[in-house]
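Visitor: The following block contains the structure, expressed as C-alpha cells.
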Amino acid sequence: MTRFHPDLLVILGLGMLALSCTDAGLYAIGGRGGGGPDRADFSGIGCVPLAAGDAFPVKVLFAVQAGSQGIPVGEMTDALNSIVARFPLPYISFALITYHGVATGIQGSFVPASTFANAIPRYNAQSGDGPPSMRNALRLARSILSGEMVTGCRGVTARTRYLVVLLNSTYDTSCANPAFNAGLDSTCLAAPTAADCSACELDKATRELTDLMQLYGAGEVSVQPIYVPPDPSAPHPDALTAVRAVARAGGTQVLQTPAPNLTGALNGLNYASLQRALALKRIVGFNRSALSIAGALYADTDGDGVSDPREAELTLDPIKPDTDDDGIMDGVEIRMGMNPLVADTITGCNRYGDIDLDRLNDCEERVLGTDSCVADTDGDALPDLVEALSRTNPLVPEDLRDTDGDGISNAEEVMAHTDPQSVDNDYRSQRAYGYEWSPAEPTDDGRPCFQFRIDNISLTETLTRPNDPFPAIPSGTNDIYLYIQVGRQNEPHGAGIGSLTIQQVRYTAGPPARRTPGGTIKLGPDDFVLGN
Ligand SMILES: [Ca+2]
Ligand SMILES: [Ca+2]
Ligand SMILES: [Ca+2]
Ligand SMILES: [Ca+2]
C-alpha cells in the first residue's frame, strides 16, 4: 500500500489543480480493491460547490458624501433605488452611511433590499455639514463590519463577501481638521502636502477595513471608491489622489462618473458572491454505522459513537443514539465524562437546533466545545461529527498529530476509518478505506470537479432500528457519509465548506452473504448537498 507523509496529504489536496491531468491518480491511498459483500465502494464525480446563493451572503455598504458639497440627492437616491429593485434576494443585504465632517449610520446594519428601501429617503432628508472626511466614513464602515463579524456566526462570516462602496464628490480634508479626525497618524501628518497626508490616512483606514478579512476570517472585504466630480471635465487632483489610495488598498480600481450616470455606475459593480476560488481539500468517506477500536470492527447501529456490544455492557439502548433523552448522544456523553443514563440539563443552547448543519446539535457542540456555526471547527477538513465519532479532537487540526504513535497521522486514520488511538497496523492493512481522486472536466461555470473512488468501506451487521413515522430501517443497514470538503486556496486551515451525501448500503452476513446495492455505487455531482 502507499503511505503518504502527513504533509503531503495537505499539499496534494490544495495543489492538485496546478498539476497536469496526466498525473494519473493524483491522490491515491490504500486502494486494495477487494469488494466482497462486506465492503462498499463508491465512484463518481464531485464538484466544488458554486459560491452563490443563500449560503454565500453578499453585504454591500454604501458610504456617501453628504452635505453642501455632497453627491446630488436626486441622482444618488435614484441609483440606490435601482440597486434595491435589482436585488430583492435574501442573501444580498445593504447598509448606508453618509459623511461630511463626521460619518453617520443612516442604515447602520446590513438589511435586505426591502428594508433598505425605507432608509434611502433618509439620505434625502439628512442634514448637517462639515469638512469632508472620507477617513471617518471608512472608520465607521470598519466599525459596522467588525461589529457584525464579532457577533456573527463564524462559518457564515467565512462565506460572506463584504463590499464597501465609498462615494465622494470632493477631496478628503481630514488632515487639515484634526478636531473632527481623532488619532491622525504622525507619519501621515509628516507628509509634504495635505493631499499626501490624506492619501496616507486613507490608505491606513482602508487597510484597517480589508484587514478584517484576516482578523475575523471573513470571506472577502473590498473597498470600491466612486468619484463623482461636480464638474466632470475638471476632476480635482487631490480627489484623484485620495480615491487612488483607497482603490489601491481596497483591492479595486478607481471609478469616476458624472452624477447623471450614477445609476449605471452602481449597477456596473460586481455584486456576486465570493470571488476567490474554492479548492478541494479532502474527500472523506465515513461509515457512521461502524467503529474501529483497537484493531476490531464493531457495529454502531444508532451511530452515536458507542458500539452495539459496548451499549449492552453499559445498559444503553443500542438503537437509540440518546439513551437518556437529554439531547446529548451517548458517545458524546461518554467522551466528555458525563453519564449517558442520567439526563443532563445543558443551558444556553437548543438541542433541536443545528445551525451549521453538521448533524451535531447545538447542545452537543456546546458540550464538545466545538463551534455550532462551523461544521469543521478546527479547519482540518475533517467534519466535527466525524471527529467526534472517530475519537480525534475536533478542536485541533489532525494532519500532523499521531496520537497512538503508529506512524500514521490522525487525519489519515480518520480518513481510513482506522483507530487513531491504538496501534492497529494489521487491521489497517485489511480494513483501511482506499481513496483516489483526480481532476475531471470543470463545470460549465468553471468550478473544479473530481473523479473519485472510495473503496474498502467495511460494512457491519447492524440491528433493526426505528425510523418513526416511517417503517423501521432493516438490520444490516449502514449509513455511509461521503463529504467533499473545500476551502479557499492557500489557506489550509480556513473555515471549510462541505457537501455531503448519505448513502445507505445493506449488508447481510447470510449465508449467502449479500450487499444491497451490489457492485460499485455510482455518484454524480447532484448527489452532494451543500452544507454539512
Ligand atoms: Ca451506538
Ligand atoms: Ca444523552
Ligand atoms: Ca451542529
Ligand atoms: Ca475538524
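The numbers here are math on the coordinates, done by the rules we state, and not lab data. None of the values given here were measured: they were computed from a predicted structure. Every residue, glycine as well, gets a Cβ built from its backbone with ideal geometry; the counts of neighbours run over all protein chains shown.
Visitor: Pairs of alpha-carbon atoms within less than 8 angstrom and 6+ residues apart define the contacts here; what relative contact order does the chain have, in percent?
Guide: Values: 1196 pairs, mean separation 106.0, N = 532.
Once normalised by length, the contact order is 20 percent.
Visitor: Also, I was wondering about something else. Charges only on Cβ, +1 for Lys and Arg, -1 for Asp and Glu: so what's the dipole of the chain about the Cα centre, in debye to the nearest 20?
Guide: Details: 38 positive and 66 negative charges, 341 e Å.
Dipole size: approximately 1640 debye.
Visitor: Report the label-to-label distance for Ala513 and Asn267 in nanometres (one decimal), using points 7 Å from each Cα along the Cα→Cβ vector.
Guide: 6.6
Visitor: Then there's this: Relative to the longest principal axis of the chain, what angle (0 to 90°, nearest 10) does the C-alpha long axis of helix 73-86 take?
Guide: The answer is roughly 20 degrees.
Visitor: 222 nm [θ] for the chain, helices only, -39500 (n - 2.57) per DSSP H run of 4+, per residue, to 500? Before the final figure, lay out each step's value.
Guide: Working: 16 runs with 146 residues, N = 532.
Helices in the chain give a 222 nm mean residue ellipticity of -8000 deg cm²/dmol.
Visitor: Return Asp325, Asp41 ranked ascending by Cβ neighbour count within 10 Å, so the fewest neighbours appear first. Please list the in-between numbers first.
Guide: On the way: Asp325 10, Asp41 19.
Starting with the residue having the fewest Cβ neighbours, the order is Asp325, Asp41.
Visitor: Does region 50-166 come out rounded, prolate or oblate, given a ≥ b ≥ c as the square roots of the eigenvalues of its C-alpha gyration tensor, rounded meaning a/c under 1.5 and, failing that, prolate meaning a/b above b/c? Walk me through the intermediate numbers first.
Guide: Values: a/c = 2.55, a/b = 1.48, b/c = 1.73.
In terms of gyration-tensor shape, oblate.
Visitor: Let me ask something else about it. Taking every DSSP beta bridge that has both residues in the chain, what percent is antiparallel when rounded to the nearest 5?
Guide: 65
Visitor: If I fit a long axis through the Cα atoms of helix 194-210 and take the longest principal axis of the Cα atoms of the chain, what angle between them do I get, 0 to 90°, rounded to 10?
Guide: 20
Visitor: Provide Rg and Dmax in Å for region 257-353, with only Cα atoms included in the calculation.
Guide: Cα-based Rg and Dmax for region 257-353 come out at 24.7, 78 Å.
Visitor: Give the share of C-alpha pairs in each 5 angstrom bin for region 215-255, from 0 to the last occupied bin, in whole percents, shortest bins first.
Guide: All Cα pairs, binned at 5 Å, distribute as 5, 23, 25, 18, 13, 7, 4, 3, 1 percent.
Visitor: Give the shape of region 166-295 as rounded, prolate or oblate, defined through the alpha-carbon gyration tensor: a ≥ b ≥ c are the square roots of its eigenvalues, a/c under 1.5 means rounded, and otherwise the shape is prolate if a/b is larger than b/c and oblate if not. Can you show the working numbers first?
Guide: On the way: a/c = 4.36, a/b = 1.99, b/c = 2.19.
It is oblate, given that a/c is not under 1.5 and a/b is not larger than b/c.
Visitor: Quick check for me: using +1 on Lys/Arg Cβ and -1 on Asp/Glu Cβ, what's the dipole size of region 279-356 about its Cα centre, in debye to the nearest 20?
Guide: Charge dipole of region 279-356: 540 debye, to the nearest 20.
Visitor: Further question: Test of understanding: ordering Met338, Met415, Met149 by Cβ neighbours within 10 Å, fewest first, what list do you get?
Guide: Met338, Met149, Met415
Visitor: Per residue, how big is the convex hull around the C-alpha atoms of the chain? Give it to me in cubic angstrom, could you?
Guide: 182
Visitor: Here is a follow-up. Rank these for me by crowding, Val102, Val342, going from fewest to most other beta carbons within 10 Å.
Guide: Val342, Val102
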